[in-house]
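The values are calculated or read from the model by the stated rules, or taken from the named source; none is laboratory data. Predicted model, so just to flag it, every value in this text is computed and none were measured. Backbone-built Cβ (ideal geometry, glycine too); neighbour counts: all protein chains shown. Quick note on the areas: whole protein, heavy atoms, side chains included, nothing else; ligands and nucleic acids left out. Shrake-Rupley method; radii C 1.70, N 1.55, O 1.52, S 1.80 Å.
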Amino acid sequence: MLVSNAQKKKVAVVTFYADKTIDLSVLSASADLIAKNTKLSDDPNFNLTEPLKKLHQAFFAEYTKNFDFEIIDEAEVLSNETYQAFVPTYQEGNTFLTDVETTTSIEEYNVIPSYRKNVKDLKEVAEALGVDAIMFVNLSFGFVKTGIGSMGYVSVQA
């Protein structure tokens with residue numbers, strides 16, 4: 001019989017935000033480009049604060065129980081000086097998240113897209129927090145096309 005002495009890995013959630021642009025790339029590249037360059041994020045009726053708060057509450061109250069690793073307390077992350085001083089990259093490759101204007105975030109969290117550069121640059125934050133890994137949580141929306149040829153329908157996926 002083998003006895004396992006493995007420790008649970010520690011993970012820090014470093015961002016928790018909603019992207020207010022809608023991915024239309026499944027419909028067409030031009031529709032996607034137009035949607036990502038419109039000012040839907042400025043429309044006061046398109047407010048993602050409440051759905052994001054509900055996701056945040058459910059994530060820490062329910063979802064984290066199913067992980068086989070430990071999520072450190074978010075207050076520890078948010079109060080960390082290295083985390084607070086971190087300046088993320090908002091554009092990488094062909095992506096359009098160029099600033100925080102198109103997002104809604106949970107208070108005190110930095111909006112950090114999961115770009116390769118940000119992941120690499122967050123190594124210092126992970127070391128300062130004493131964690132084995134970092135986690136990005138974001139809520140985004142996109143159209144999903146279902147059907148064959150011109151027959152089908154389009155739905156929104158979160």
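Looking only at the stretch 43-56, count how many residues are assigned to a loop (DSSP other than H, G, I, E, B), in contact (Cβ under 8 Å) with a residue 40 or more places away in the chain and open to solvent by 50 Å² or more (accessible area, probe 1.4 Å).
Residues flagged as assigned to a loop (DSSP other than H, G, I, E, B), in contact (Cβ under 8 Å) with a residue 40 or more places away in the chain and open to solvent by 50 Å² or more (accessible area, probe 1.4 Å) within the stretch 43-56 amount to 1.
With respect to Val131, determine if the residue is in a loop (DSSP other than H, G, I, E, B), touching a residue at least 40 places away in the same chain (Cβ under 8 Å), open to solvent by less than 30 Å² (accessible area, probe 1.4 Å) and farther than 21 Å from Gln57 by Cα.
Answer is yes for this residue.
Within the stretch 57-107, work out how many residues are open to solvent by 60 Å² or more (accessible area, probe 1.4 Å), touching a Lys or Arg at 6+ places or on another chain (Cβ under 7 Å) and either modelled with pLDDT under 90 or in a loop (DSSP other than H, G, I, E, B) (or both).
Number of matching residues: 2.
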